[in-house]
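Peer 1: I'd like to ask you about the structure that follows.
The values are calculated or read from the model by the stated rules, or taken from the named source; none is laboratory data. None of these values were measured; they are calculated from a predicted model. Glycine gets a Cβ as well: all are built from the backbone with ideal geometry, and neighbour counts include every protein chain shown. Protein only, heavy atoms only, side chains kept; ligands, DNA and RNA dropped before computing areas. Shrake-Rupley method; radii C 1.70, N 1.55, O 1.52, S 1.80 Å.
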Amino acid sequence: MTAGPDPTSADPQRWARAQERIEDLLLGGPRTMTRGEVHERTGLSPEHTARLWSALGFPAAGDDARGFTEADIDALELSGRLLDEDTFDEAEELAVARALGQGLGRLAEWQANLVRRTIAGSGRADDPDAVVDAVEALVPTLERLQSYVWRRHLAVTAGRMLAVLARPEGERTEENRVVVGFADIVGFTALSRKIDETELRALLERFETVCTDVVARRHGRIVKTLGDEILFVCERVEDAVDIAFRLHEQVPDEGGRLILRVGLALGDVLPRYGDVYGPVVNIASRLTSEARPGTVLVDEDLTHAIRETDLDVEVRAVPQLAVRGYRHLRPHVIRERAS
């Protein structure tokens, strides 16, 4: 006779105890303080903490709700110390909080799904203790890995910054002049309606994996992934062009379902908390939308820069484009010459 499900697995008290254990692990203890008590401990106004809490992406807590822990106090005191030392002002503090909240929020969603899949694979999906065991096993390792990756990225970024500062003063104005590129999957919306979730996940995994590898190997940086599209930047024209060609070559799967279109533009950007802004970003996006499947469209400034390099590419003018915000774009298609 097959045993039925454990009747205690649905016990609300067991799940409540599991949540307490997870919060002890992740937050260093239970939520015991109200917003007013946080204000008394830190000296920060309730309005300030509410703005900061919202910028981090956390749901608002009522004035009487005991939603804060000692770890929250420590974090707020660290932030207050940076304000006192004039490392940044309140506006920049909120901008940093938004950047951290958005980036780490996405990471936390993925990690929570990883825990869920780990539990499902063990056959203990209905067991609160299994959830706690999985969190206890995975979180310390993920935390160490995150710290390593962050430090490694910071070392690379610091190296770029120092390279700029080492230039003669008159050459530093070019530090934000980059090639901005977009690459997106042609017909992705229609494709996603035809295949199941497993296939869709596999295709997106291939797209993101190949794009990350191609861009990193050629000294570029992926700024963000927007579902079926990536935004990347490169300092060197040659690297950006090579990235575009290699993406077209390596991303498509055997079924030919991952055909791309790519747009590149050269110009000055405003870097802000890991993202980039400016007309050149908008131009690259518009060019990508207008590019035919399997092609690379580039703007006029990048066309001139390509012609000044030793790149062995074909450059062909296409009719002037009138797109939203830009009525007189003069793009060119670039292709690798046949060997």
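Peer 1: Using alpha carbon centroids, what distance separates the range 27-76 and the range 84-144, in Å?
Peer 2: Distance between centres, Cα-based: 19 Å.
Peer 1: What is the Å³ per residue value for the convex hull set by the Cα atoms of the range 213-339? Before the final figure, lay out each step's value.
Peer 2: On the way: hull volume 15.4 nm³, N = 127.
Roughly 121 Å³ of hull volume per residue.
Peer 1: Next question. Tell me the angle of helix 12-27 to the major Cα principal axis of the chain, expressed in degrees between 0 and 90 and rounded to the nearest ten.
Peer 2: Compared with the principal axis, the helix lies near 60 degrees.
Peer 1: Quick one: which residues, 5+ away or cross-chain, put their amide H under 5 Å from the amide H of LYS224? H built at 1.01 Å from N.
Peer 2: For LYS224, whose amide H was placed from the backbone, the distant partners under 5 Å are LEU231.
Peer 1: Another question about this same structure. Which value, in nm² and rounded to one decimal, describes the direction-averaged projected area of the C-alpha convex hull of the range 16-74? Before the final figure, lay out each step's value.
Peer 2: On the way: hull surface 16.1 nm².
Seen from a random direction, the Cα hull of the range 16-74 projects 4.0 nm² on average.
Peer 1: Carbon and sulfur: what percent of the range 85-167's accessible surface (1.4 Å probe)? Working shown, then result.
Peer 2: Working: 3430 of 5840 Å².
The computed percentage sits at 59.
Peer 1: Which whole-Hz ³J(HN,Hα) couplings does the range 326-335 yield from phi under the Karplus relation 6.51 cos²θ - 1.76 cosθ + 1.60, θ = phi - 60°, glycine and proline marked x?
Peer 2: 9, 8, 9, 6, 10, x, 10, 8, 10, 9
Peer 1: With Rg and the Kirkwood Rh both taken from Cα atoms, where does Rg over Rh land for the range 123-280? Please report the intermediate quantities before stating the final value.
Peer 2: Working: Rg = 19.6 Å, Rh = 18.3 Å.
Ratio value, two decimals: 1.07.
Peer 1: Placing unit charges on C-beta atoms (Lys and Arg positive, Asp and Glu negative, everything else neutral), compute the dipole magnitude of the chain about its Cα centre in debye, rounded to 20.
Peer 2: Numbers: 43 positive and 59 negative charges, 254 e Å.
My answer is approximately 1220 debye.
Peer 1: Note the direction-averaged projected area, equal to a quarter of the hull surface, for the Cα convex hull of the range 42-111, in nm². Mind dumping the intermediate values first?
Peer 2: Details: hull surface 20.1 nm².
Approximately 5.0 nm², given one-decimal rounding.
Peer 1: Roughly how tilted is helix 90-122, in degrees to the nearest 10 and between 0 and 90, from the longest Cα axis of the chain?
Peer 2: 70
Peer 1: Separate question: Where does helix 279-290 land angle-wise versus the long Cα axis of the chain, in degrees 0 to 90, nearest 10?
Peer 2: Around 80 degrees separate the two axes.
Peer 1: Sorting check: for 112-120, 155-163, 290-298, which peptide has the highest mean count of neighbouring beta carbons within 10 Å, and how do the rest follow?
Peer 2: Values: 112-120: 13.8, 155-163: 10.4, 290-298: 19.9.
Per-residue mean Cβ counts within 10 Å order the peptides as 290-298, 112-120, 155-163.
Peer 1: Still on this model: Convex hull over the Cα atoms of the range 278-337, averaged projected area in nm²?
Peer 2: Numbers: hull surface 16.7 nm².
That works out to 4.2 nm².
Peer 1: Restricting to Cα atoms and excluding each atom paired with itself, what does the Kirkwood estimate give for the chain in Å? Mind showing how you got there, number by number?
Peer 2: Numbers: mean 1/r = 0.0420 Å⁻¹.
Value: 23.8 Å, from the Cα pair sum.
Peer 1: If packing is taken as the average number of other Cβ atoms within 10 Å across a peptide's residues, how do 14-26, 81-93 rank, most packed first? Display every interim value, and only then the final one.
Peer 2: Details: 14-26: 14.6, 81-93: 11.6.
The most tightly packed comes first, giving 14-26, 81-93.
Peer 1: Using unit Cβ charges (K, R positive; D, E negative) and no other charged atoms, how large, in debye to the nearest 20, is the dipole of the range 56-195 about its Cα centre?
Peer 2: Working: 16 positive and 25 negative charges, 253 e Å.
Roughly 1220 debye for the range 56-195.
Peer 1: So, one more: Give, rounded to the nearest 20 debye, the magnitude of the charge dipole that the range 176-275 has about its Cα centre when Lys and Arg contribute +1 at Cβ and Asp and Glu contribute -1 at Cβ. Mind dumping the intermediate values first?
Peer 2: Values: 14 positive and 18 negative charges, 45 e Å.
Using Cβ point charges on Lys, Arg, Asp and Glu, the range 176-275 gives about 220 debye.
Peer 1: Lys/Arg Cβ at +1, Asp/Glu Cβ at -1, dipole of the chain taken about the Cα centre: which of VAL276, GLY80, ILE195 is farthest positive-ward?
Peer 2: After comparing all options, I get ILE195.
Peer 1: For TYR148, TYR326, TYR273, give me the order by solvent-accessible area with a 1.4 Å probe, most accessible first, ignoring ligands, DNA and RNA. Kindly include the intermediate steps, with their values, before the conclusion.
Peer 2: Working: TYR148 130, TYR326 50, TYR273 90 Å².
Descending order: TYR148, TYR273, TYR326.
Peer 1: Please compute the Cα-Cα pair-distance distribution of the range 62-153 with 10 Å bins starting at 0, giving whole percents from short to long.
Peer 2: 13, 29, 35, 18, 5, 0
Peer 1: Also, I was wondering about something else. Leaving out ligands and nucleic acids, note down the accessible area per residue over the range 2-140 with a 1.4 angstrom probe, in whole Å². Don't skip to the answer; put the middle values down first.
Peer 2: Working: 8730 Å² over 139 residues.
Spelled out: the 1.4 Å probe surface of the range 2-140, per residue, equals 63 Å².
Peer 1: I've got another one for you. Looking at THR34, GLY67, VAL131, which one has the Cα that reaches farthest to the positive end of the dipole of the chain (charges on Cβ: Lys, Arg +1; Asp, Glu -1)?
Peer 2: Positive-end residue among those listed: VAL131.
Peer 1: For the range 176-223, evaluate the Debye formula with one uniform point scatterer on each Cα (no solvent term) and list log10 I(q)/I(0) at q = 0.30 Å⁻¹, rounded to two decimals.
Peer 2: Evaluating at q = 0.30 Å⁻¹ gives log10 I(q)/I(0) of -1.15.
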